[in-house]
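Nothing in this text is a laboratory measurement; each read-out follows from the coordinates by a stated rule. All values reported here derive from a predicted model rather than from experimental measurement. No Cβ is skipped: glycine too gets one built from the backbone with ideal geometry, and neighbour counts run over all protein chains shown.
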Amino acid sequence: MTQTVSDASRDPRLIRILTYLMFMMFAMTTDSVGVIIPHVIKTFDLGMAAAGSFHYASMTGIALGGVCLGFLADRLGRKATIVLGLVAFAVTAFLFAVGKDFGFFVALLFLSGLAIGVFKTGALALIGDISSSTRAHTATMNMVEGFFGLGAILGPAIVTALLAQGASWKWLYVIAGALCVLLIIAALNVRYPQTPPAAQQKLDPRVTLAMFGNPYALAFSFAIMLYVGVETAIYVWMPTLLADYKGPAVLLAAYALSVFFILRAAGRFLGAWLLNRLSWTQVVAICSVAILICFAAALAGGRAVAVYSLPISGLFMSVLYPTINSKGISCFPKAEHGSVSGVILFFTCVSAVIAPWMMGLISDRFGDAVYGFALATGLAALLAVLAVLNLVFDPSRARLEARQDADYVVP
């Protein structure tokens, strides 16, 4: 019994709220690319794969920030790491106001991704510090996903409103930068729990790199990669897929991404209800199979069905990422939460870069975005198979029970 929760946090409610708002703030930018990309294509006369750099750049930055700088959350402490990342993000966000060139924007997106990678790993490690059990950790992660979903709704809505008024999409980043400044002020004034003593001995990124050899870290990371590959198909390419839609649901097609994000946010409540009644392995299996059905229906029925089934998939996506991420992190001691968060975040962003890039290449090659969604459906099928096998064999059960006893139970 090495870690108790009696002194876990001085301001737990404020810390939770601050963490939720951080995820909402950066989701406003990262999940708006699907709305921004069509305008980037027209402005700079680009193909789908090239325009997708707006997505690839930020995800690459987040991946490198997570794996190369994730150890900072354990070494410097959660507060210093979070503030450092937020300051860097605010600077890059405000620089969008003066940008004009495609390359400049891509560079800013990469740097903002690095900043997100830093404060996100700090926030994910912090969630472990303020959680009273592995189950509470999963519940908090799902709440984080709810606020992330809110940001994903607000971001595209802001971009749409800006464009309707003849303003540039760049002002979305300025708005996010202003919110980030408020978060920095709040973070500086909130009292954080102390970093677990063992974590302060982690001196360099080799601690994070060592996680790449751990089978639990790799298994959960692989599951995350499959899920992210499926999700990015929606928020990166669904607007492009439905741009050619002709049918009775034209209004739904125009707002399909917003509907998806609204349903994904609502899905958090469905997920919370399911997690209170079923095991996490059952919930992950049910939702993974439901997502596969949505994508398979879209592929078989074409745009006439996709306009309905793809947005509906958001209802089942919300619970997957936070639950898989939480269980992966909870397999390790709290002192290593920053490092393992960095590894999982790295694989998250590798998939977020490679999957939509491959979908863009395939779509360009065959001249239709539907071919990219065929790849996404294959990823959904693999995720569903993996989730069912996890339900049957539950290979992480003993590991999670051991960490529950060691990290959360007061002796």
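For the reader, a short list of remarks on this structure follows.
- Centroid-to-centroid separation of segment 48-108 and segment 268-338 [C-alpha atoms, Å]: 27 Å
- In Hz, Karplus ³J(HN,Hα) per residue of segment 335-351 (6.51, -1.76, 1.60; θ = phi - 60°; x = Gly, Pro): 5, 10, 5, x, 5, 5, 4, x, 5, 5, 5, 4, 5, 4, 7, 4, 5
- For the chain, diffusion coefficient by Stokes-Einstein and Kirkwood Rh (Cα), 4 °C, 1.567 mPa s, µm²/s: 61 µm²/s
- Under the Karplus curve 6.51 cos²θ - 1.76 cosθ + 1.60, θ = phi - 60°, whole-Hz ³J(HN,Hα) for segment 24-30, x wherever Gly or Pro sits: 4, 4, 6, 5, 4, 9, 5
- Cross-link pairs exceeding 32 Å in C-alpha to C-alpha distance, out of K42/K246; K120/K170; K120/K246; K170/K334; K170/K246; K79/K170, comprise K120/K246; K170/K334.
- For segment 57-146, applying the loop criterion from DSSP together with a ceiling of 14 other beta carbons within 10 Å to the trypsin sites (Lys or Arg not before Pro) yields K100.
- For the chain, calculated [θ]222 nm from helices alone, where every DSSP H run of n ≥ 4 adds -39500 (n - 2.57): -25500 deg cm²/dmol
- Where a label projected 7 Å from the Cα of F269 along Cα→Cβ would reach, residues of segment 121-164 with amide N under 14 Å: 146-147, 150
- Using θ = phi - 60° and Karplus 6.51 cos²θ - 1.76 cosθ + 1.60, couplings along segment 32-44 (whole Hz; Gly, Pro as x): 9, 4, x, 7, 6, 4, x, 6, 5, 4, 5, 5, 10
- Contact order normalised by residue count of the chain, Cα under 8 Å, 6+ apart, percent: 29 percent
- Nearest 10 degrees, 0 to 90: helix 78-95 Cα axis against the chain principal axis: 20 degrees
- In terms of the mean number of neighbouring beta-carbon atoms within 10 Å, the peptides 296-307, 371-382 order highest first as 371-382, 296-307.
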